[in-house]
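What follows is a set of notes on a single structure, which appears directly below.
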Amino acid sequence: DLERGGDPPVVSTSVNAASDNAANIRHAQLLRKYLIVYLLAALSDWLQGPYVYALYDSYGYSQHEIAVLFVAGFGSSMVFGSFIGGMADQCGRRKFIILFAVIYAMSCMTKHFKSFSILMIGRLLGGVATSLLFSVFEAWLIGAHASAGLMSHLGKAFSTAQYGNSIIAIIAGQIANKAANHAEFKPSAEGSGFYTGGYLGPFDVSLVALIACGLLASALWEENYGESPAENDDDEKAKSSASGALKKAYYTTISNPDILSCGIISSLFEGSMYIFVFMWTPALTTLAKEELGDEFEGLPFGVIFSTFM
């Protein structure tokens with residue numbers, strides 16, 4: 001037929017189209033499983049953002065004491081973030097995502113106590129959880145795509161997740177604002193150091209989201225791991241340990257100008273952002289008090305947070 005000018009066979013094209021369609025279906029299923037868990041994790045984090053400083057301030061702590069709590073959380077994230085991703089690669093990323101939900105839930109529960117030491121423990125736990133949130137979820141997604149032979153779809157998965165995260169951040173501010181105004185902030189009993197209501201509402205909603213996140217990760221996600229060193233490669237095994245990972249990261253950073261420059265730029269950006277995260281609540285509160293005087297009844301921090309997002 002080809003010699004007579006007929007059309008070329010379309011079998012190959014049909015097979016490719018069917019293969020692409022099957023890959024798109026498998027990717028859609030994988031992405032749904034990922035987003036259900038990831039967006040709950042993101043929701044739990046964003047819910048807390050508008051009211052961390054406000055809660056500490058309502059407990060009567062000074063700005064210096066609140067700054068110490070904030071720095072402890074950032075420092076915890078810095079230290080654990082250096083090696084916790086490697087630990088998840090070895091032990092199982094799904095396990096560490098469930099661990100994230102447990103640790104962050106414990107951090108939320110500490111917020112109910114008017115005790116600087118307990119709040120400090122909560123900040124340290126929150127730092128660990130933040131390190132997990134910004135490393136293990138993405139690592140699981142990459143591993144799942146690799147196992148399913150869908151690496152060509154990975155970019156779409158990340159862009160969809162990032163878009164969903166932005167929407168969730170806006171919604172979280174509104175939910176947090178409602179939760180913060182749902183009940184009066186007060187101790188559970190006279191003279192008790194355990195408080196309920198008020199600015200604790202968003203943290204309680206976050207706790208519920210974390211429980212759902214952990215349960216759904218356990219039910220929906222398969223376990224996956226990072227590449228492990230060869231059994232007879234002692235040098236690679238040493239590098240995969242926590243201390244080895246820190247040393248390797250340090251020497252890689254100082255020996256590679258591109259990585260060092262990227263780290264410096266990221267640090268400067270993150271530093272400026274965290275200054276804003278710490279200062280926006282007291283700055284707006286001070287301005288509102290000066291403007292409204294005796295009429296000041298508090299600010300809708302959740303709504304303000306949503307406008308930032």
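Summary of values
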{"read-out": "Taking N as its residue count, the alpha carbon Rg of the range 66-145 over 2.2 N^0.38 Å", "value": "1.14"}
{"read-out": "In Hz, Karplus ³J(HN,Hα) per residue of the range 69-77 (6.51, -1.76, 1.60; θ = phi - 60°; x = Gly, Pro)", "value": "4, 4, 5, 4, x, 5, x, 4, 5"}
{"read-out": "Exposed-loop-free span, longest in the chain, where chymotrypsin sites (Phe, Trp or Tyr not before Pro) count as exposed if DSSP calls them loop and at most 13 other C-beta atoms lie within 10 Å", "value": "135-295"}
{"read-out": "Sequence-distant residues sharing a close amide H with T196 (under 5 Å, placed H)", "value": "K186, S188"}
{"read-out": "Cα convex hull of the range 253-309, projected area averaged across orientations, nm²", "value": "5.1"}
{"read-out": "Count, lysine Cα pairs under 17 Å in the chain, 8 or more residues apart or across chains", "value": "8"}
{"read-out": "M279 - accessible surface, heavy atoms, 1.4 Å probe, Å² rounded to 10", "value": "80"}
{"read-out": "The chain: radius of gyration over Cα atoms, expressed as a fraction of 2.2 N^0.38 Å", "value": "1.23"}
{"read-out": "Relative contact order for the chain, counting Cα pairs under 8 Å that sit 6 or more residues apart, in percent", "value": "28"}
{"read-out": "Phi to ³J(HN,Hα) by Karplus 6.51 cos²θ - 1.76 cosθ + 1.60 over the range 126-132, Hz, x for Gly, Pro", "value": "x, x, 4, 4, 4, 4, 5"}
{"read-out": "Label-point gap, in nm, between S166 and H182 - each point 7 angstrom along Cα→Cβ", "value": "2.9"}
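The values are calculated or read from the model by the stated rules, or taken from the named source; none is laboratory data. Note that the structure is predicted; figures quoted are calculated from it, not measured. As a convention, Cβ positions derive from the backbone with ideal geometry for all residues, glycine included, and neighbour counts pool all protein chains shown. With ligands, DNA and RNA removed, areas are computed over all heavy atoms of the protein, side chains included. Shrake-Rupley method; radii C 1.70, N 1.55, O 1.52, S 1.80 Å.
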